[in-house]
1. Every residue in segment 23-54 that is β-branched (Val, Ile, Thr), part of a strand (DSSP E or B) and surrounded by 16 or more Cβ atoms within 10 Å (Cβ to Cβ), please.
2. Which pairs do you get when a residue that is more than 18 Å from Asp21 (Cα to Cα) and in contact (Cβ under 8 Å) with a residue 60 or more places away in the chain, found in segment 108-137, comes within reach of a residue that is among the β-branched types (Val, Ile, Thr) and buried (at least 17 other Cβ atoms within 10 Å of the Cβ), reach meaning Cβ atoms under 8 angstrom, with the pair 6+ apart or on two chains?
3. Show the residue pairs that are 6+ apart or on different chains and have beta-carbon atoms under 6 Å apart, the first residue being within segment 55-84 and within 16 Å of Ile117 (Cα to Cα) and in contact (Cβ under 8 Å) with a residue 24 or more places away in the chain, the second being surrounded by 20 or more Cβ atoms within 10 Å (Cβ to Cβ) and aliphatic (A, V, I, L, M).
4. Scan segment 70-87 for residues that are assigned to a loop (DSSP other than H, G, I, E, B) and touching a Phe, Trp or Tyr at 6+ places or on another chain (Cβ under 8 Å) and jot them down.
5. Of the residues Lys87, Lys109, only one is in contact with a helix residue (DSSP H, G or I) (Cβ under 8 Å, 6 or more places away or on another chain), basic (Lys, Arg), surrounded by fewer than 17 Cβ atoms within 10 Å (Cβ to Cβ) and in the same structural domain as Gln35 (by TED's automatic domain parsing); which?
Amino acid sequence: MTKEEKVQVVKELSGKFEENDFFYVTDASGLTVDQVNAFRRLCFEKGVEYGVYKNTLIQKALEQLDTDYTEFFDKVLKGFSGIIFSKEVGNMPAKVIRDFRKSGMSDDKPMLKGASIDSDLFIGEEHLKMLSELKSKNELIGEIIGLLQSPAKNVVSALQSGGTTLSGLVKTLSEREN
C-alpha cells in the first residue's frame, strides 16, 4: 500500500468515525473465508457496516477526532482488527456478534475487543452481553411515551366506567329521599 493510499484510508476512516456515533472493534482471526462472508452478510442485513483495517491506520484516524482514544491504542488495537460501524443503534453491532455466534458458525468469534458508544469506551469481551441489551434511543422514547400515556388512560377509563356508576348512585340517593 502506497503512502497516498494510506492517507486516503485514514481520511475515509476518520470520516466514518465522525459519521457513526457507535463503533465496535472486533477480532475475527481464525474464521474461515466462508465464516467471514457469512458475518459480513449478517452485518449488511442488520444495517451495520463491517470492515477490516490495519491497527496503525485505525489509530491515525482516531487521533484526528476530538475524543481521547489513548486507552484503545494500548489495549484494543493489537492483532487482527475489524470495525463494525452503526449510525443509529448502539446495541446493533453487539447483537450481530451474538446472533452470529448463536447461528453456530463460531462459538467465540468475532471477539469484542472494544466499543465506543457516544464516545464512552468499553474494552473487553465481558461487555458484550451488557452492550447487546442496551436500549436504543427510539426504544427509550417509546417507553417514556407509554409511561406518560398510562396515567391519562387510567383516568379516562375510570371516568368512563365510573360515569354510569356515579349517575346510578345519584339516582338511587335521590329516590331514597322521596
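The values are calculated or read from the model by the stated rules, or taken from the named source; none is laboratory data. As the structure is a computational prediction, the values presented were derived from the model and not from experiment. Positions of Cβ are backbone-derived with ideal geometry, glycine not excepted, and every protein chain shown enters the neighbour counts.
1. Filtering segment 23-54 down to residues β-branched (Val, Ile, Thr) leaves 25-26, 32-33, 36, 48, 52.
From what is left, the residues that are part of a strand (DSSP E or B) are 25-26, 52.
Matches in segment 23-54: Val25, Thr26.
2. If the second residue must be among the β-branched types (Val, Ile, Thr) and buried (at least 17 other Cβ atoms within 10 Å of the Cβ), the pairs left are Pro110/Thr26; Pro110/Ile97; Met111/Thr26.
3. Close Cβ pairs satisfying both conditions: Tyr69/Leu62; Val76/Val25; Ile83/Val25; Ile84/Val48.
4. Ser81, Lys87
5. Details: Lys109 fails: surrounded by fewer than 17 Cβ atoms within 10 Å (Cβ to Cβ).
The conditions single out Lys87.
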